[in-house]
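Remarks on the structure that follows.
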Amino acid sequence: MIPYLKKHWFWIAVNIGALLPLLLLILDVINGRLVDPIADITNRTGYTALVLLVLSLAVTPLNSLTGWRTVLTVRKSLGLQGFFYVCLHLFTFLGLDYAFNLSQILGDALVTKPYIIVGFSAFLILTPLAITSTKGWMKRLGRNWKKLHRLVYLAVPLAVIHYFWVLKVPVEPVTYGIVVALLLVARIPAVRRRLNQVRKLLDSKPAVSRPKGRLEPMPEPVRNAE
Ligand code: HEM
C-alpha cells in the first residue's frame, strides 16, 4: 500500500483535487448556501470543466519546458474529469433548468442563449475523445487515435468562446483565450523543440518524455505529440 501511494501520490492528489469542487458544490446545495441553485450549479460545473480541460492541455508544454515527467501521468485524468464536469454542466442545463423539455430547449433556449450551440459543439467533440481514451481504443484505432485526439485543440477553444459569449464583461474569458492560444502554439513542433532547448539550457539532464511510473494515454502519445 505505502509503495503504491509513494509511486502514485501525484496522480491520486490531482484526482482528489479535481473532485473537490463537486464535493463543495454538493455541500453548498445540502446546506442551502446557493442563492440561485440552478444558475450556480451551471456556472460552477462549467467553470470547473474549463479549468480542468485547460490544465490537461498544459501538461505536455509543462513537461517540455521543465522535463517533469510525473506530470504526464495526470493528463488523461484531467481530460476525463473535465469531461465529467461538462456532463454535469449539460445535465444541469437540460434536466434541472429545462426539465428535458426538448421543444422549450429548441424553441426558447436556442434563441435566448445561442452560446449553448458552441458549448454543445465542444461537448460533441469531447464525447468520442472520452470514449476512446482507453488503452483498448488506442490499440484499435492505431495511428488514427492520435488524429482523433487532436480534436481537443478544437474543443477547448470552442469552450472558451462559449465562456466568452456567456459573460458580458469578458476579462476572464479573454485570459483563458490567451492561455489556450499559448498552449496550442506550444504544440507546434518548432516551438516544442525550442521549449526543449530552453529546458536543456536550464537543466543539463537529457530530455526524457516518458515516465517510468503510471502513464495514461490521453490526449495524445507522449513522444510524437505536436
Ligand atoms: C466543453 C463544454 C463546456 C464548457 C467547458 C462550458 C463552460 C462554461 C462556463 C465556464 C460557463 C460560465 C461560468 C461562469 O459564469 O462562471 C458556462 C455557462 C453556461 N453554459 Fe457552458 N460549457 C460547456 C458546454 C455547455 C453546454 C453543452 C451547454 C448546454 C447545452 C452549456 C450551457 C451553459 C449555460 C446555460 C451557462 C450559463 C449562462 C448564464 O449564466 O446565463 N454549456 N459554461
Please work out if Pro21 is under 15 Å from the mean Cα position of the chain (by Cα), over 29 Å from Leu90 (Cα atoms) and surrounded by 14 or more Cβ atoms within 10 Å (Cβ to Cβ).
no
For region 96-105, the count of residues that are away from the ligand (no atom under 11 Å from the Cβ) and either within 21 Å of Leu158 (Cβ to Cβ) or not polar (S, T, N, Q) (or both) equals 3
Quick check: is even one residue across region 36-46 at pLDDT 95 or above, over 30 Å from Leu182 (Cα atoms) and not in a helix (DSSP H, G or I)?
yes
Heads up, the helices (runs of 4 or more DSSP H) in region 60-148 (entirely inside) with at least 1 residues that are more than 30 Å from His8 (Cβ to Cβ) are 75-91, 115-131
Given the conditions (1) within 11 Å of the ligand (Cβ to nearest atom); (2) under 27 Å from Gly177 (Cα atoms); (3) of a type outside the set (Val, Ile, Thr), every one holds for Leu25 apart from (1)
Go through region 90-116 residue by residue and tally those that are at pLDDT 95 or above, among the β-branched types (Val, Ile, Thr) and surrounded by fewer than 16 Cβ atoms within 10 Å (Cβ to Cβ).
0
If you go through Val35, Val74, Val51, the only one that is closer than 29 Å to Asp203 by Cβ and free of Cβ contacts under 8 Å to residues at least 60 places away in the same chain is Val51
Taking region 125-182 as the search range and keeping residues that are exposed (fewer than 13 other Cβ atoms within 10 Å of the Cβ) and small (Gly, Ala, Ser), which one is farthest from the ligand (Cβ to nearest atom)?
Gly142
I'd like to check something: does region 60-70 contain any residue that is within 16 Å of the ligand (Cβ to nearest atom) and in contact with a Leu (Cβ under 9 Å, 6 or more places away or on another chain)?
no
Any chance Val59 is over 17 Å from Val180 (Cβ atoms), modelled with pLDDT of 95 or more and crowded, with 23+ Cβ neighbours inside 10 Å
no
Those residues of region 165-177 that are modelled with pLDDT of 85 or more and closer than 14 Å to Val51 by Cα come to a total of 2
Looking at this structure, is Asp36 of a type in the set (Asp, Glu) and either touching a Leu at 6+ places or on another chain (Cβ under 7 Å) or away from the ligand (no atom under 13 Å from the Cβ) (or both)?
no
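The values are calculated or read from the model by the stated rules, or taken from the named source; none is laboratory data. Predicted model only: the values in this text are computed from it and were never measured. Note that each Cβ is placed from the backbone with ideal geometry, even for glycine, and that neighbours are counted across all protein chains shown.
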